[in-house]
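Chemist: Shown below is the structure under consideration.
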């Protein structure tokens, strides 16, 4: 049974931890507001941009004149998985869920005899994947010094991917991230970005015909690289909001658990102190009776 001193030290230690988790929860809540606004504001542009590209891609079809980013290499032997996670931990299962989805994809591809390469964005995902798939890692993007994710960060990642694609390092590229739904729910998502796969807008008029100047192939050749960067940027923003939501929820749970532990230890401390006082009284009374 722990002594009164040990119990008191534990209670003070947990109180200090509760102050830290409470402060982290408040910081995450403040950051979540900005990150959620950024992610939600980016969605309409990304959706409309993809719809326009979908219309262009549908008009071009699978012709040989279509840009390579649209029609692909004609093979799917080599897959590049871009796994986006956080640079920091203490955000519940946010990082683990994304990595788990990526691992399932890796196992599925390897079972089909495909070659897999991994590009990580964020330190936590790299740390987890390095344990089992260190030989598959081909690159890493460090965003630890970035205070706020911008379109320039997405452009740098997209430029790296496009250079690797032009050099024939892979046939298919897929990004893994968490789509933000609310503070409690963040959905791990896999999205293929190379070769580009766009769907035309559902509300588009089927009888409407468009004339493009210059031709569709030229426009797609210019817009497709931007489309890759746009999808990566949207994924980074979704990840940022998901990370803060997961951290806020995790720190709230940690604060509640710390409070429960303090209550239990306080009861145990009071019982132990009462037992000590009772024993001292018994000793005093026994001594008085002996005299």
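Chemist: Based on DSSP, what percent of beta bridges with both residues in the chain are antiparallel, to the nearest 5?
Modeler: Values: 8 of 24 bridges.
In the chain, approximately 35 percent of DSSP beta bridges are antiparallel ones.
Chemist: Restricting to bridges with both residues inside segment 49-199, how much of the DSSP beta-bridge set is antiparallel, in percent to the nearest 5?
Modeler: Working: 8 of 24 bridges.
Restricted to segment 49-199, the bridges split so that about 35 percent are antiparallel.
Chemist: Taking Rh as the Kirkwood radius computed over C-alpha pairs, what is the Stokes-Einstein D of segment 158-197 at 20 °C in a medium of viscosity 1.002 mPa s, expressed in µm² per second? Before the final figure, lay out the partial values.
Modeler: Details: Rh = 11.6 Å.
Reported coefficient: 184 µm²/s.
Chemist: On to the next question. As a test of the formula, what do you get for the chain when each DSSP H run with n ≥ 4 contributes -39,500 (n - 2.57) and the sum is divided by the residue count, at 222 nm and rounded to the nearest 500 deg cm²/dmol? Walk me through the numbers on the way to the answer.
Modeler: Details: 6 runs with 181 residues, N = 291.
Per the formula, -22500 deg cm²/dmol.
Chemist: Over segment 18-138, one equal point on each Cα, no solvent: what is log10 I(q)/I(0) by the Debye formula at q = 0.13 Å⁻¹?
Modeler: So the normalised log intensities work out to -0.81.
Chemist: Could you tell me how many degrees, from 0 to 90 and to the nearest 10, lie between the Cα long axis of helix 94-111 and the main elongation axis, the longest principal axis, of the Cα atoms of the chain?
Modeler: Once rounded, the angle reads 50 degrees.
Chemist: Moving on to the next point. Taking Rh as the Kirkwood radius computed over C-alpha pairs, what is the Stokes-Einstein D of segment 43-89 at 20 °C in a medium of viscosity 1.002 mPa s, expressed in µm² per second?
Modeler: Values: Rh = 13.6 Å.
Here the translational diffusion coefficient equals 157 µm²/s.
Chemist: Further question on the same structure: By how many degrees, 0 to 90 and rounded to 10, does the Cα axis of helix 4-60 deviate from the longest principal axis of the chain?
Modeler: It is inclined by approximately 10 degrees.
Chemist: Okay, next question. Report, in whole Å, the centroid distance computed from the Cα atoms of segment 255-280 and segment 218-236.
Modeler: Answer, in whole Å: 60.
Chemist: Mind checking the angle between helix 151-166 and the chain's longest principal axis? C-alpha axes, 0 to 90 degrees, to the nearest 10.
Modeler: Between the helix axis and the principal axis of the chain, the angle is about 60 degrees.
Chemist: Mind running the shape call on segment 82-173? Use the C-alpha gyration tensor, a ≥ b ≥ c as the square roots of the eigenvalues: rounded below 1.5 for a/c, prolate if a/b tops b/c, oblate otherwise.
Modeler: Numbers: a/c = 2.23, a/b = 1.12, b/c = 1.99.
Oblate.
Chemist: Where the centre of each part is set by its Cα atoms, how far does segment 97-136 sit from segment 1-62, in angstrom?
Modeler: 23 Å
Chemist: Follow-up question, since we're still on this one. According to the Cα gyration tensor, what semi-axes, each the square root of 5 times an eigenvalue, does the equivalent ellipsoid of the chain have, listed from largest to smallest in whole Å?
Modeler: Details: eigenvalues 653, 85, 38 Å².
Ellipsoid semi-axes (Å, largest first): 57, 21, 14.
Chemist: Additional query: In nm, give the distance between the simple-model label positions of residue 270 and residue 29, each being 7 Å from the Cα along the Cα-to-Cβ direction.
Modeler: Each label point lies 7 Å from its Cα, and together they span 2.8 nm.
No value in this document is a laboratory result; all are computed from the given coordinates. Only a predicted model underlies this, so the values are computations on that prediction, with no experimental measurement involved. So basically every Cβ, Gly included, is an ideal-geometry build from the backbone, and we count neighbours across all protein chains shown.
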